[in-house]
Amino acid sequence: MNNFYKNKKVIITGAAGGLGKELSVQLNNFGANLFCVVSKNSDISELSFCKKIYRCDFNDTEDVDSLIWNSAFDKVDILINCAGIFPIKSLEETSLEEFDKVMNVNFRVPFILIQRSIKTMKKQNQGLIINVGSSSSYNGSSTSGAYCISKHALLGMSRSYNKELKKYNIRSLIFSPGSIKTKMGKTDVSQDYETFLDPKEVAEYILYSSKFNNEMFIDEPRMNRISVL
């Protein structure tokens, strides 16, 4: 990794989840200073290496306000938006309350966190934003429409921020993996879990691709399964 992540201050949401935890572990191995954001009921027993752990309910306005105005955001080198929820329900059956909850976690809070983080990134004239999207944002779904919509919104936001911020030497990247072997992935019983992506490999690819910050730009990688059953 050419020490790209060494001593970088990284804020990562969803750090206790399958992919988020793997990203956190690998970043810690690279010498990053990790500030981890997890949900209220997350198991944090494997995150002892984090400099600080924040519990936050992304659907609680007071919680989100408390998080973003924490001093942890006074200096941010890398922001990773990895937190997400995946309700399996058709759009027809999705209530407005359920739709709002998905949009809050998967899109609205990442938008808020980016707005807060770039205040310091612009002063530093450098920064990296990594958004974890989904291959379903390109495809749509008959069983998880609200999730697809939220990730499609995240895709558009990431593209727009990249155009807006590149003059400040800030990159906004989005990675769109297919189904991953996580607790969230297991909830989709319509697919063969054994064909799902390994979170370790997905994390390795994201971190490897994100370090290129000179002449080369990795544009919206999509990671799909070899076998889709």
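The values are calculated or read from the model by the stated rules, or taken from the named source; none is laboratory data. These figures come from a predicted structure and were not determined experimentally. We place every Cβ from the backbone using ideal geometry, glycine too, and count neighbours over all the protein chains shown.
Key figures for this structure:
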{"read-out": "Sole residue being over 25 Å from Glu97 (Cβ atoms) and in contact with a Gly (Cβ under 8 Å, 6 or more places away or on another chain), chosen from Ser179, Ser209, Ser160, Ser172", "value": "Ser179"}
{"read-out": "Selection within region 51-110 - among the aliphatic types (A, V, I, L, M) and part of a loop (DSSP other than H, G, I, E, B)", "value": "Val76, Ala83, Ile85, Ile88, Leu91"}
{"read-out": "Subset tally (residues that are assigned to a loop (DSSP other than H, G, I, E, B) and closer than 18 Å to Met103 by Cβ) for region 123-142", "value": "4"}
{"read-out": "Condition broken by Phe35, with the remaining ones in (1) in a loop (DSSP other than H, G, I, E, B); (2) modelled with pLDDT of 95 or more; (3) touching a Lys or Arg at 6+ places or on another chain (Cβ under 6 Å) satisfied", "value": "(1)"}
{"read-out": "Among the residues listed as Leu173, Leu165, Leu113, the single one being in contact (Cβ under 8 Å) with a residue 12 or more places away in the chain, under 21 Å from Asn59 (Cα atoms) and not acidic (Asp, Glu)", "value": "Leu113"}
{"read-out": "Condition met for Ile118 (free of Cβ contacts under 8 Å to residues at least 60 places away in the same chain and buried (at least 19 other Cβ atoms within 10 Å of the Cβ))", "value": "yes"}
{"read-out": "Every pair of residues 6+ apart whose Cβ atoms lie under 8 Å, when the first sits in region 9-25 and is within 15 Å of Val202 (Cα to Cα) and basic (Lys, Arg) while the second is at pLDDT 95 or above and surrounded by 23 or more Cβ atoms within 10 Å (Cβ to Cβ)", "value": "Lys21/Ala15"}
{"read-out": "Subset of region 184-229 that is modelled with pLDDT of 75 or more and among the basic types (Lys, Arg) - its residue that is nearest to Ala15 (Cα to Cα)", "value": "Lys200"}
{"read-out": "Residue among Asn41, Asn33, Asn7 that alone is more than 23 Å from Pro177 (Cα to Cα), out of contact with any Phe, Trp or Tyr (no Cβ under 9 Å at 6 or more places or on another chain) and buried (at least 17 other Cβ atoms within 10 Å of the Cβ)", "value": "Asn33"}
{"read-out": "Conditions (1) at pLDDT 90 or above; (2) in a helix (DSSP H, G or I); number of the one not met by Phe175", "value": "(2)"}
{"read-out": "Selection count where residues are outside any helix (DSSP H, G or I) and touching a Ser or Thr at 6+ places or on another chain (Cβ under 7 Å), scope region 145-172", "value": "1"}
